[in-house]
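> Before anything else, here's the structure in question.
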Amino acid sequence: MRQIGYYFFKYWISLGLFFYFKKIRITGLDDMPSNKPTLLLSNHQNALLDVLLIATKSNLKPWYLTRSDVFKNKLFSPLFYFLQMLPIYRMRDGKDTLAKNEAIFNRCGDLLADRQTLLIFPEANHNLKRRVRPLSKGFTRIIFKAFEQNPDLDLQLVPIGQNYKSAASFPDSTALCFGKPIAVQDLLEEHTNKTVSQIKLTVTKQLKQLTTHIDSETGYDYILTALKNEGIDFLNPELANNSIKNLDAKGFLKTEAKHQVLNKIMKWIFVLLNLPLVFVWRTFIKPKVPEPEFMSTFRFAFSMIAYPICYLLFLALLANVFSIKKACLIIVLHAFCNILFVKFALTSSVQRK
């Protein structure tokens with residue numbers, strides 16, 4: 001029964017992501033290790049959507065290390081455990097809570113010994129900037145714990161580059177780039193510190209190839225603006241990173257967005273078609289989003305809850321005016337129009353981060 005519930009939730013979320021994103025591009029899945037203990041290591045830009053995309057598009061059933069404060073909600077914490085999420089404690093949760101991580105690391109070691117898959121965001125935070133941030137050594141503690149329990153473990157590390165056209169905007173497009181598996185046994189050194197450095201260096205190198213990486217702090221805004229003015233496809237990190245390498249300060253001219261007027265018209269039509277939900281979102285939900293990195297997560301969660309409820313209410317109202325067949329047809333046509341707008345008509349605005 002638990003298995004049925006898990007996959008029902010997974011496919012429901014997958015359907016929601018299909019409606020939410022204009023395009024979802026997946027590369028590198030053919031190289032995923034089979035029947036081996038695996039640690040998925042992803043960059044982190046878009047809060048919970050990063051997790052949901054990997055969970056539904058990787059053809060795996062990973063366990064997730066999640067910051068412990070989300071488990072404080074007594075209403076949702078059973079759901080998080082059901083979805084194979086494990087709490088990880090940080091200094092900000094209180095120094096006395098850090099001791100609890102030992103039990104979590106032991107649990108992770110047991111899961112890897114059982115050839116399970118774990119998902120970790122080794123940057124240890126999220127940010128909209130198109131840059132791979134320094135990796136925390138926390139994920140290497142899990143690796144060493146697993147080898148303490150099983151020195152011959154054939155542990156594989158798979159870096160994942162998550163790329164968004166405009167992570168905080170709607171509709172958005174995304175690309176998940178799965179990297180080449182890294183056998184940890186090949187990186188083991190005599191000294192622990194050397195092994196940690198080697199693992200972090202190897203994973204970082206792949207992550208910087210799998211997502212757009214603007215290394216310069218002082219020139220970040222200039223480089224990002226130049227890429228946007230060139231119309232670079234941020235869903236193609238190889239192309240974007242090559243453009244950064246070949247960047248010529250005099251070679252970029254600002255260009256106006258094409259079809260800007262038409263896009264505004266399309267957005268107004270979309271707003272009118274979904275006016276009640278747009279009003280609720282902009283008035284009550286959007287102002288409460290704590291950080292820009294959570295904007296898409298809140299919008300997606302609101303849509304997943306609000307649209308089914310709204311369609312059921314509209315169906316009940318329309319059935320009192322028309323026949324049930326006509327009421328269903330109107331609802332289906334409205335949903336179909338929304339799909340067309342998301343997939344073909346609307347263009348997201350690109351954030352400046």
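> Based on this model, can you work out whether Tyr311 counts as farther than 27 Å from Lys165 by Cβ and either of a type in the set (Lys, Arg) or touching a residue at least 24 places away in the same chain (Cβ under 8 Å) (or both)? Let's see the steps before the verdict.
Details: farther than 27 Å from Lys165 by Cβ: yes; either of a type in the set (Lys, Arg) or touching a residue at least 24 places away in the same chain (Cβ under 8 Å) (or both): yes.
When the stated conditions are applied, Tyr311 passes them.
> Go through (1) over 17 Å from Gly16 (Cβ atoms); (2) open to solvent by less than 60 Å² (accessible area, probe 1.4 Å); (3) of a type in the set (Phe, Trp, Tyr); (4) at pLDDT 95 or above and name the single condition Phe252 misses.
For Phe252, the exception is condition (4).
> Being open to solvent by less than 70 Å² (accessible area, probe 1.4 Å) and under 25 Å from the mean Cα position of the chain (by Cα) is the filter here, so list the residues in the stretch 185-209 that pass it.
Ile199, Lys200, Thr202, Val203, Thr204, Gln206, Leu207
> With in contact (Cβ under 8 Å) with a residue 24 or more places away in the chain and surrounded by fewer than 16 Cβ atoms within 10 Å (Cβ to Cβ) as the only criterion, which of Lys180, Lys145 stands out? Step through it out loud before you land on a result.
Values: Lys145 fails: surrounded by fewer than 16 Cβ atoms within 10 Å (Cβ to Cβ).
Of Lys180, Lys145, the one residue that is in contact (Cβ under 8 Å) with a residue 24 or more places away in the chain and surrounded by fewer than 16 Cβ atoms within 10 Å (Cβ to Cβ) is Lys180.
> Consider the stretch 28-71. How many of its residues are touching a His at 6+ places or on another chain (Cβ under 8 Å), open to solvent by 10 Å² or more (accessible area, probe 1.4 Å) and assigned to a helix (DSSP H, G or I)?
Of the residues in the stretch 28-71, 0 are touching a His at 6+ places or on another chain (Cβ under 8 Å), open to solvent by 10 Å² or more (accessible area, probe 1.4 Å) and assigned to a helix (DSSP H, G or I).
> Also: Return yes when Ser348 is in contact (Cβ under 8 Å) with a residue 12 or more places away in the chain, within 20 Å of the chain's Cα centre (by Cα), crowded, with 16+ Cβ neighbours inside 10 Å and assigned to a loop (DSSP other than H, G, I, E, B) and no when it is not. Can you show your working first?
Details: in contact (Cβ under 8 Å) with a residue 12 or more places away in the chain: yes; within 20 Å of the chain's Cα centre (by Cα): yes; crowded, with 16+ Cβ neighbours inside 10 Å: yes; assigned to a loop (DSSP other than H, G, I, E, B): yes.
The answer is yes for Ser348.
> Tell me which residues, restricted to the stretch 210-227, are surrounded by fewer than 17 Cβ atoms within 10 Å (Cβ to Cβ), part of a helix (DSSP H, G or I) and within 24 Å of the chain's Cα centre (by Cα).
Initially, the stretch 210-227 is screened for residues surrounded by fewer than 17 Cβ atoms within 10 Å (Cβ to Cβ), giving 215-222, 225.
From what's left, part of a helix (DSSP H, G or I): 220-222, 225.
Of everything in the stretch 210-227, those that are surrounded by fewer than 17 Cβ atoms within 10 Å (Cβ to Cβ), part of a helix (DSSP H, G or I) and within 24 Å of the chain's Cα centre (by Cα) turn out to be Tyr220, Asp221, Thr225.
> Oh, and also: Determine whether Gln162 is part of a helix (DSSP H, G or I), at pLDDT 95 or above, closer than 24 Å to Lys23 by Cα and out of contact with any His (no Cβ under 6 Å at 6 or more places or on another chain). Reasoning before the result, please.
Working: part of a helix (DSSP H, G or I): no; at pLDDT 95 or above: yes; closer than 24 Å to Lys23 by Cα: yes; out of contact with any His (no Cβ under 6 Å at 6 or more places or on another chain): yes.
It is false that Gln162 is part of a helix (DSSP H, G or I), at pLDDT 95 or above, closer than 24 Å to Lys23 by Cα and out of contact with any His (no Cβ under 6 Å at 6 or more places or on another chain).
> Looking only at the stretch 78-134, how many residues end up being surrounded by 12 or more Cβ atoms within 10 Å (Cβ to Cβ) and in a loop (DSSP other than H, G, I, E, B)?
Matching residues across the stretch 78-134 total 18.
> Are any of the residues in the stretch 289-298 among the aliphatic types (A, V, I, L, M), within 23 Å of the chain's Cα centre (by Cα), surrounded by 14 or more Cβ atoms within 10 Å (Cβ to Cβ) and under 25 Å from Trp12 (Cβ atoms)? Walk me through it before giving the result.
Residues of the stretch 289-298 that are among the aliphatic types (A, V, I, L, M), as a first pass: 289, 295.
Okay, now just the ones that are also within 23 Å of the chain's Cα centre (by Cα), so 289, 295.
Still in the running and surrounded by 14 or more Cβ atoms within 10 Å (Cβ to Cβ): 289, 295.
In the following step, the residues that additionally are under 25 Å from Trp12 (Cβ atoms) were identified as 289, 295.
Yes.
The values are calculated or read from the model by the stated rules, or taken from the named source; none is laboratory data. If you're wondering where the values come from, they're calculated on a predicted model, not measured in any experiment. Please note: Cβ atoms are built from the backbone with ideal geometry, for glycine as well, and neighbour counts cover all protein chains shown. Quick note on the areas: whole protein, heavy atoms, side chains included, nothing else; ligands and nucleic acids left out. Shrake-Rupley method; radii C 1.70, N 1.55, O 1.52, S 1.80 Å.
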